[in-house]
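Presented below is the structure to which this report refers.
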Amino acid sequence: MADQPVVDRFRAWLSEQHLPLTPQRLAIADLLLSSDRHLSVEELIDALAGRGLKVGTATVYRTIDVLLESGFIVERDRGEGFRRFEPMRGLPHHEQLLCTACGCVEEFRDPALERMTHRVADAHGFVRERHRLVIYGICNECQRAAATASAGARS
């Protein structure tokens, strides 16, 4: 379940905007705000179904629009042909490690990397506004699972 103060702030925001607070909207918000992955709409619908909730696609899209407008989530485009969404955790600018096996995202900050982006921009006469870095690979958990499966297959 999402961090309760975040859910409470979302409820308060809905109330301030005079928007309905429905069980479906709360379930969608709870999933998105508690996820350690950047979820697509399809993954969100599957996760809701896994909880025994049938929520229409239009409701999911409308709730995502509300969450984007409220600033509780942000949209990410990985060039996959569809959007993904992540909770806005109040973190300063950060980079991401993305597991291509399970889809988990680990966020990190590296001051040396931040300085390097400024140096590279300066060296090319470029005025840097922002940057985005995603490192794609296999997380520790998936590496361990693959090693265990490989060891079991050899036995």
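Restricting attention to region 18-40, which residues are surrounded by 11 or more Cβ atoms within 10 Å (Cβ to Cβ) and out of contact with any strand residue (DSSP E or B) (no Cβ under 8 Å at 6 or more places or on another chain)?
Result: L19, L21, T22, Q24, R25, L26, A27, I28, A29, D30.
Find the residue count for region 2-59, including only residues that are at positive phi and in contact (Cβ under 8 Å) with a residue 24 or more places away in the chain.
Number of matching residues: 0.
Which one of these is part of a loop (DSSP other than H, G, I, E, B) and not assigned by TED's automatic domain parsing to the domain that holds E42: R128, R119, R78, R115?
Every option except R128 fails the conditions.
E107: without any contact (Cβ under 8 Å) to a residue 40 or more places away in the chain, surrounded by 12 or more Cβ atoms within 10 Å (Cβ to Cβ) and closer than 19 Å to L33 by Cα, yes or no?
When the stated conditions are applied, E107 passes them.
For region 46-57, state whether one or more residues are in a helix (DSSP H, G or I), within 19 Å of V105 (Cβ to Cβ) and at pLDDT 90 or above.
yes
Let's see how each residue does on (1) closer than 26 Å to P5 by Cβ; (2) over 16 Å from the mean Cα position of the chain (by Cα):
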position: R83; (1), (2): no, no
position: L97; (1), (2): no, no
position: T100; (1), (2): no, no
position: C104; (1), (2): yes, no
position: E114; (1), (2): no, yes
position: A121; (1), (2): no, yes
position: H131; (1), (2): no, yes
position: G137; (1), (2): no, yes
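Table: residues versus (1) in contact with a strand residue (DSSP E or B) (Cβ under 9 Å, 6 or more places away or on another chain); (2) in the same structural domain as L21 (by TED's automatic domain parsing); (3) surrounded by fewer than 12 Cβ atoms within 10 Å (Cβ to Cβ).
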residue: K54; (1), (2), (3): no, yes, yes
residue: L68; (1), (2), (3): yes, yes, no
residue: T100; (1), (2), (3): yes, no, yes
residue: C142; (1), (2), (3): yes, no, no
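Is it the case that region 4-26 has a residue that's in contact with a Cys (Cβ under 9 Å, 6 or more places away or on another chain) and either part of a helix (DSSP H, G or I) or under 30 Å from C139 (Cα atoms) (or both)?
No.
The values are calculated or read from the model by the stated rules, or taken from the named source; none is laboratory data. Only a predicted model underlies this, so the values are computations on that prediction, with no experimental measurement involved. Cβ: placed from backbone, ideal geometry, glycine included. Neighbour counts: every protein chain shown.
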